[in-house]
Amino acid sequence: MNASMVDLRYRSKQIMKAVERNEVVDLYSHGKLKAHIVPPKAAKKRPSVMDDPLFGYCKDDPEPPAEKARRLRRSRYAV
């Protein structure tokens, strides 16, 4: 579908219905292509933190988390 900037302003409901029908809308201003409105991918799942391969990598570590944090935060050159 092709639309002008004026169409976008006054007929936005029809343009959004076209996007819902999975149509790409080209926006023109003064006869020049300015933008594409592209429908999003269908039901794309957001990635979860738990899907990350590094999630829980140190769960078998015997050192308590508080001690590990204290050790990592101290100065490198502490006496």
key: Cα-centre dipole for the chain with unit charges at Cβ (Lys and Arg positive, Asp and Glu negative), debye to 20   = 320
request  = Calculate the spin-label point distance for Ser4 paired with Ser75, positioning each point 7 Å from the Cα along the beta-carbon direction, and give it in nanometres.
outcome  = 7.1
ask   = From the list (i) 2.27; (ii) 1.56; (iii) 1.04, can you say which value of Cα Rg over 2.2 N^0.38 Å was derived from the structure given?
value = (i)
key: Residue-averaged 222 nm ellipticity for the chain, from DSSP H runs of 4+ at -39500 (n - 2.57), nearest 500   = -8000 deg cm²/dmol
note = Expected sort for Val25, Val49, Val19 with the fewest Cβ neighbours (10 Å cutoff) up front is Val49, Val19, Val25
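Just so you know, all these numbers are worked out from the coordinates, no wet-lab data involved. Bear in mind the structure is a predicted one, so any value in this text is a computation, not a measurement. Don't worry about glycine lacking a Cβ; one is built from the backbone with ideal geometry, like all the others, and counts go over all protein chains shown.
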